[in-house]
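Worksheet: the structure to be examined is printed underneath.
Read the figures in this text as sums done on the coordinates, not as results from a lab. Every value quoted in this text rests on a predicted model; they were computed, and no experiment measured them. Neighbour counts run over all protein chains shown; Cβ positions are idealised from the backbone, glycine included.
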Amino acid sequence: CGFQQGLFWIVNPDDYEAVLDEWLEQTDIPDNDIYHVFARNAFGDLFLWGEETGERYKITAAYGWIIQYEGNTREDGDFSIKCFFGGSSVRSHDLEDEHGKLMFNRCIKKFGALADNEMFGFEPSLMLGGESLLSNINKVNIHVHLSILAQLGQIEVLDDDGLVGKAFS
């Protein structure tokens, strides 16, 4: 189920199981819990739900990052999911270009709305030194693109301190 012309999607976890396995197999994350993709955005971010730890990880595919959150107990799961959906903003699912300008609406103007199997992907990948520019974005098959990004093998698991380090490096 997509919203805002494809900016945000609630997804069937089974449809993302293979690509999630590709991303997680390079980390120790699968040993911690059993994770499922429950949502994604137009730029390939995948939101994961752990059966025991709730919303603990987000894959930020464009950068090759897996963002680690504190997670929560099974008892707090309802509250956590309410906060996720109630606290999400349109801006939180958009990306900025090299000049600090939001990209989603410009991508829609250039390529049109996204179908359920599409995303906006950078070519060349930001993981390989590509620049965050509209001219480097294409409408791509989400499963193929995320699989290719996972195979690049440069995935980093980052907590809050790691994210701060990336922001100021």
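Is the C-alpha gyration tensor of region 2-167 telling us rounded, prolate or oblate? Criteria: a/c under 1.5 is rounded; beyond that, a/b larger than b/c is prolate, otherwise oblate. Prolate, since a/c reaches 1.5 and a/b exceeds b/c.
Once the Cα atoms are used to define both axes, helix 142-151 deviates from the longest principal axis of the chain by about 80 degrees.
Using alpha-carbon positions, what is the distance between the centroids of region 8-34 and region 91-169, in Å? Comparing the Cα centres of region 8-34 and region 91-169, I get a distance of 18 Å. Each residue, ALA115 and SER147, gets one label point 7 Å from its Cα in the Cβ direction; the gap between the two is 1.6 nm. Note on THR27, THR60, THR53: ascending count of other Cβ atoms within 10 Å places them as THR27, THR60, THR53, the fewest first. The long axis of helix 77-87 is offset from the longest Cα principal axis of the chain by roughly 20 degrees.
Computed extension gain for ASP15 through GLU156, at 0.36 nm per residue and net of the alpha carbon distance, reaches 48.4 nm. For TYR63, TYR69, the sequence from fewest to most other C-beta atoms within 10 Å is TYR69, TYR63.
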